[in-house]
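A.B. asks: Below you'll find the structure I mean.
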Amino acid sequence: MRATVIYGAGDVRVETVPDPKLSEPTDALLRVVRSCICGSDLWPYGSMPARDRGVRIGHEFLGVIEAVGSDVTTLKTGDLVVAPFVYSDNTCQFCREGLHTSCLHGGNWGAKGVDAGQGEAVRVPQADGTLVKVPHTEDDDLLASLLTLSDVFPTGHHAATKAGVNERTTVTVIGDGAVGLCAVLAAKRLGAERIILMGRHQARTDLGREFGATDVVSERGDEGIEKVRELTNGEGTHTVLECVGTKAAFEMGVGAVRPGGTVSRVGVPQYAEGPIGPSLFRRNITVTGGVAPARHYIPELLDDVVEGRYQPGKVFDRTIGLEEVPDGYRAMADREALKVLVKP
């Protein structure tokens, strides 16, 4: 089959790799019908050291079940399913607590002999625990929104949930990428009436307004913090959803949050140290967030997506074929595309 392999910064290729086969009785084989490029994929695309042997990449995908192992009981051939961005058994102590990203028997796509999502097919370990069946559809828009359940919509929802967003909280979202825009949508879904989106790309912030943002702040750094405070009577917002992952974004979050508020981080941190000293302590600031347990949130979000109440699939602004994936990476890295959908 054909699949995406990354060899280093700027070096993504589509190559012929071995066809997946059932290995364990808990496996399923899945034919990919939609996948995509994630903003977090751009970190290795921008900085991964060159290597002679490439690694598979991609962790967001929808597919149709083509075979199941003998121990799989909840899925059958022909089911359309969404795969969260990590696999899990959904039964261990951490999964039962809603923390599937810490599953004792889980793991990452593209690692330890497991296929990645940017390809034609995937062997799915722990299939019963990992995959969530969704209604069959040929509607491209609905398929796009279903695909966001694999990562970006649950990640935005995780940011808002961990921050305690509700109808009584004001919200600042830092970042106008797909996760930031989904965080706006999630905050709106949870009842927030004041949502400030910090972003500077008009096409993206326009979509953010459509998703529920009431204000847009294009300034960054101290100037951006000051603008948020101007919009909130000098106080800052109750919550900040940091959806970028840089130290500068975290510092803006700390500056924009009000005393007693919460900064929720879901952007993968690209820094080892940050401002966690006296400023946060004196102002009683809570810092939370982390990697989103998408499998935990998918059942909660699924009906709203299927019934069209929310359309997170609008974050996709370019659709390509599998062989065009290298150009899709380039387009996202060059800010020519917000999020690229791959249709094998």
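The values are calculated or read from the model by the stated rules, or taken from the named source; none is laboratory data. Note that this is a predicted model, so its numbers are computed, not measured. Glycine also receives a Cβ, built like all others from the backbone with ideal geometry; neighbour counts cover every protein chain displayed. Only protein heavy atoms, including side chains, enter the accessible area calculation; ligands, DNA and RNA are left aside. Shrake-Rupley method; radii C 1.70, N 1.55, O 1.52, S 1.80 Å.
A.B. asks: Dipole magnitude of segment 117-209 about its Cα centre, charges +1 at Lys/Arg Cβ and -1 at Asp/Glu Cβ only, in debye to the nearest 20? The partial results should precede the final answer.
C.D. replies: Details: 10 positive and 11 negative charges, 112 e Å.
Using only the charged Cβ atoms, the result is roughly 540 debye.
A.B. asks: Is it possible to state the helix-based mean residue ellipticity at 222 nm for the chain, with each DSSP H run of 4+ residues giving -39500 (n - 2.57), the sum divided by total residues, to the nearest 500 deg cm²/dmol? What is it?
C.D. replies: Working: 12 runs with 105 residues, N = 344.
Helices in the chain give a 222 nm mean residue ellipticity of -8500 deg cm²/dmol.
A.B. asks: So what's the gap between the Cα centers of segment 214-253 and segment 72-124, to the nearest angstrom?
C.D. replies: 35 Å
A.B. asks: Would you mind calculating the gained length between residue 91 and residue 9 on full extension (0.36 nm times residue separation, minus the Cα-Cα distance), in nm to one decimal?
C.D. replies: On the way: separation 82, 0.36 × 82 = 29.52 nm, distance 3.74 nm.
Contour length minus the Cα-Cα distance gives 25.8 nm.
A.B. asks: Which trypsin sites (Lys or Arg not before Pro) does segment 119-228 hold that lie in a coil by DSSP with at most 10 other beta carbons within 10 Å?
C.D. replies: On the way: sites: 123, 133, 162, 168, 188, 189, 194, 200, 204, 209, 220, 227; in loops: 168, 200, 220.
Passing sites in segment 119-228 are 168.
A.B. asks: Could you work out the percent of alpha carbon pairs in segment 155-289 separated by over 26 Å, rounded to a whole number? Write down the numbers at each step before the final one.
C.D. replies: Numbers: 794 of 9045 pairs.
Result for the distance tail: 9 percent.
A.B. asks: Then there is this: State in Å² the accessible area per residue of the chain; use a 1.4 Å probe, count heavy atoms of protein chains only, and round to the nearest integer. Intermediate results must be reported in sequence, preceding the final value.
C.D. replies: On the way: 14670 Å² over 344 residues.
Normalised by residue count, the accessible surface of the chain is 43 Å².
A.B. asks: Pairs of Cα atoms under 8 Å, at least six residues apart: use those to get the relative contact order of segment 168-297, whole percent.
C.D. replies: Working: 271 pairs, mean separation 28.1, N = 130.
Once normalised by length, the contact order is 22 percent.
A.B. asks: Divide, for the chain, the radius of gyration over alpha carbons by 2.2 N^0.38 Å, where N is the residue count.
C.D. replies: That works out to 0.98 for the chain.
A.B. asks: Hey, could you pull the Cα Rg and Dmax for segment 209-344, both in Å?
C.D. replies: In Å, with Rg to one decimal and Dmax whole: 17.9, 53.
A.B. asks: Taking only the Cα atoms of segment 192-250, how large is their convex hull per residue, in Å³?
C.D. replies: Numbers: hull volume 5.0 nm³, N = 59.
Here the figure is 84 Å³ per residue.
A.B. asks: Measure nothing but the geometry: give the 0 to 90° angle between the long axis through the Cα atoms of 202-211 and the longest principal axis through the Cα atoms of the chain, rounded to 10°.
C.D. replies: 90 degrees
A.B. asks: Counting other C-beta atoms within 10 Å, and keeping those with at most 16, which DSSP coil GluC sites (Glu not before Pro) do you find in segment 33-135? Walk me through the numbers on the way to the answer.
C.D. replies: Values: sites: 60, 66, 97, 120; in loops: 60, 97, 120.
Of the GluC sites (Glu not before Pro), the ones in loops of segment 33-135 whose Cβ has at most 16 other Cβ atoms within 10 Å are 97.
A.B. asks: Please get the size of the charge dipole for segment 155-289, origin at its Cα centre, with Cβ charges of +1 on Lys and Arg and -1 on Asp and Glu, quoted in debye to the nearest 20.
C.D. replies: Values: 16 positive and 15 negative charges, 68 e Å.
My answer is approximately 320 debye.
A.B. asks: Mind checking the angle between helix 152-163 and the chain's longest principal axis? C-alpha axes, 0 to 90 degrees, to the nearest 10.
C.D. replies: That helix lies at roughly 40 degrees to the long axis.
A.B. asks: Accessible area of segment 155-289 with a 1.4 Å probe: how many percent of it is carbon plus sulfur? All intermediate terms of the calculation are to be shown ahead of the outcome.
C.D. replies: Numbers: 2660 of 5750 Å².
Carbon and sulfur: 46 percent of the exposed surface of segment 155-289.
A.B. asks: Oh, and also: Cβ under 12 Å from residue 230's Cβ, residue 230 left aside: what net charge do those residues give with Lys, Arg +1 and Asp, Glu -1?
C.D. replies: Working: positive: 227, 229; negative: 215, 219, 223, 226, 235.
The answer is -3.
A.B. asks: Further question: State the answer as a single residue: which of 64, 100, 49 lies farthest towards the positive end of the charge dipole of segment 1-117, with beta carbon charges of +1 for Lys and Arg and -1 for Asp and Glu, about the Cα centre.
C.D. replies: 49
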